[in-house]
Amino acid sequence: MTRYCGTMLLIAGLALAGCGHGQIFPSKVADGVDKDFDFTAWRNVPNAKTDRKVQLGGRIVQANTDKSGVVIIVTQLPIVERPAYGPKDTGRRSGEFAVTYAGTLDPKWLTPGHRLVVVGTTGQAKTVIVDDVQRSLPSLTANCVHIWRTGGKEIADFPYNIGGGYEPLEEDTHCTS
């Protein structure tokens, strides 16, 4: 009976571990993130909330690469735990923001529609060109970005089983030094 109970506890523990999401950023990057950050207030008055360490999620609208790095324009989406961890389109639009990543990223990660979560520090509003229109967007400087190559689909639309004709979801974390 003891062996049976031990086996059942092990199986239950593994099942529960499989339900949660893994930590996508190194713990030193995630330390100090403002858990009560109000995106709407920041969007309305971006220069009033500078130098805050935040974690935001969204969908890539466009990305521009220059000598100083990459500027990614993102539509903000809430980060959810279920049915799969990551940014989810709930139908509510909160607005867009600009992410400055001081490094290089393979263009395959910057395709519009891909989902991302970023940890970075808020800065002054940034003037950017979005769809040939000059705009001023709230901005942050990224420490790390985690990108899912969803191509516009929801993260939960990708099955967890690899093989059998399923398309695996490619994802990766990119951090500046």
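Structure values in brief
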| read-out | value |
| --- | --- |
| Estimated vicinal HN-Hα couplings, Hz - the stretch 121-130 in sequence order (Karplus 6.51, -1.76, 1.60; Gly, Pro = x) | 10, 5, x, 5, 4, 10, 8, 9, 9, 10 |
| Amide hydrogen neighbours beyond the local backbone of residue 62, cut-off 5 Å, H modeled | 73 |
| Phi-based couplings in Hz for the stretch 28-36 (Karplus 6.51, -1.76, 1.60; Gly and Pro marked x) | 5, 6, 6, 4, x, 5, 5, 6, 9 |
| Cut-off under 5 Å, modelled amide H: who pairs with residue 77 long-range | 57, 58, 59 |
| Sorted peptide list for 94-107, 38-51, 115-128, criterion being average Cβ within 10 angstrom, highest first | 115-128, 94-107, 38-51 |
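Every number here is computed from the coordinates shown, using simple stated rules; none is lab data. Quick caveat: nothing in here was measured; it's all calculated off a predicted structure. In this analysis, Cβ positions are derived from the backbone assuming ideal geometry, glycine residues included, and neighbour counts consider all displayed protein chains.
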